[in-house]
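Engineer: Pasting a structure here, questions to come.
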């Protein structure tokens, strides 16, 4: 192992995400710390994390940070994992959330990384469950030494959805039609009720508690009521996979479309894998009922 890798694995672990400015730093920190405060040691029943009150960040107007510490047994001295979570407005563009984790034992004890891993999963779930409009996490410093669930990619954190769309000035602005953010699946099915096809697709995603949150609605197009639903899936590694699904008559067939979107521009492998799992689940029920499967179509124009 090189000296640089040794230092990287034992230094602070820093994760950053850019959140759409649709809430305040205090609301984001409250959402993040809610699940964290509920974590308990299964043996003692005591809370794992001791969390302080939000404090203003010097020289950053409107910014707040929260400090939290978790202890774990090691030898006769014990170890501590410290988490500092900051939420800093970036003008009217976004709110940057920075999580800094450090361990008193230099991450030599696997339990320390396990505590940090679970903490980041809970922080991400807490934020995205209430405020899903962020671009996905990136690991900007440090490295994991053991297996983990919060697998944010290394590098620069993507912009939030609104900003990612705005930067594609030469492309359509709609999140689900922008070739940089959208991946479209579709197929023609036998004539029949459009609502039935939409319901089948939705049932495939919501069965067995797969994590999808769906919202159904009717979209009037040229005087015709088109059944649709929007959905989002929070990924354990960070980021949100979005979906718009609708069905309408197309000639002598019914056309079912599933438009997936990723604010991170599909740079994370976990996002593509999540889309493929969702498409496979929908195709399993659609093929059983109709003998037809959705296909990945060329990028939208």
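The values are calculated or read from the model by the stated rules, or taken from the named source; none is laboratory data. Just so it is clear, the model here is predicted, and its values are computed rather than measured. Here Cβ is always computed from backbone atoms with ideal geometry, including for glycine, and neighbour counts include all displayed protein chains.
Engineer: Looking only at the stretch 274-301, count how many residues are within 13 Å of the chain's Cα centre (by Cα) and more than 21 Å from residue 189 (Cβ to Cβ).
Structural biologist: Final tally of qualifying residues: 1.
Engineer: Scan the stretch 86-94 and give yes if some residue there is in contact with a helix residue (DSSP H, G or I) (Cβ under 8 Å, 6 or more places away or on another chain) and exposed (fewer than 15 other Cβ atoms within 10 Å of the Cβ), otherwise no.
Structural biologist: Taking every residue of the stretch 86-94 in turn, none turns out to be in contact with a helix residue (DSSP H, G or I) (Cβ under 8 Å, 6 or more places away or on another chain) and exposed (fewer than 15 other Cβ atoms within 10 Å of the Cβ).
Engineer: Does residue 137 qualify as being more than 14 Å from residue 83 (Cα to Cα) and surrounded by fewer than 19 Cβ atoms within 10 Å (Cβ to Cβ)?
Structural biologist: Here the answer is no, as residue 137 does not meet what is asked.
Residue-wise test of (1) within 19 Å of residue 121 (Cα to Cα); (2) without any contact (Cβ under 8 Å) to a residue 12 or more places away in the chain; (3) in contact with a strand residue (DSSP E or B) (Cβ under 8 Å, 6 or more places away or on another chain).
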| position | (1), (2), (3) |
| --- | --- |
| 27 | yes, no, no |
| 33 | yes, no, yes |
| 49 | yes, no, yes |
| 78 | no, yes, yes |
| 100 | yes, no, yes |
| 103 | yes, no, yes |
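Engineer: Here's another thing I want to ask about it. Would you call residue 152 surrounded by 18 or more Cβ atoms within 10 Å (Cβ to Cβ) and assigned to a loop (DSSP other than H, G, I, E, B)?
Structural biologist: Yes, satisfied.
Engineer: Report, by residue number, each residue of the stretch 11-29 that is assigned to a helix (DSSP H, G or I) and crowded, with 17+ Cβ neighbours inside 10 Å.
Structural biologist: Residues satisfying the conditions are 25, 28, 29.
Engineer: Can you spot a residue in the stretch 151-165 that is at pLDDT 85 or above, out of contact with any helix residue (DSSP H, G or I) (no Cβ under 6 Å at 6 or more places or on another chain) and at negative phi?
Structural biologist: The answer is no, given that none of the residues of the stretch 151-165 is at pLDDT 85 or above, out of contact with any helix residue (DSSP H, G or I) (no Cβ under 6 Å at 6 or more places or on another chain) and at negative phi.
Engineer: Here's another thing I want to ask about it. Can you name the residue in the stretch 231-258 that is closer than 29 Å to residue 119 by Cα and at pLDDT 85 or above and is also surrounded by the fewest Cβ atoms within 10 Å (Cβ to Cβ) among such residues?
Structural biologist: Per the criteria, the residue is 232.
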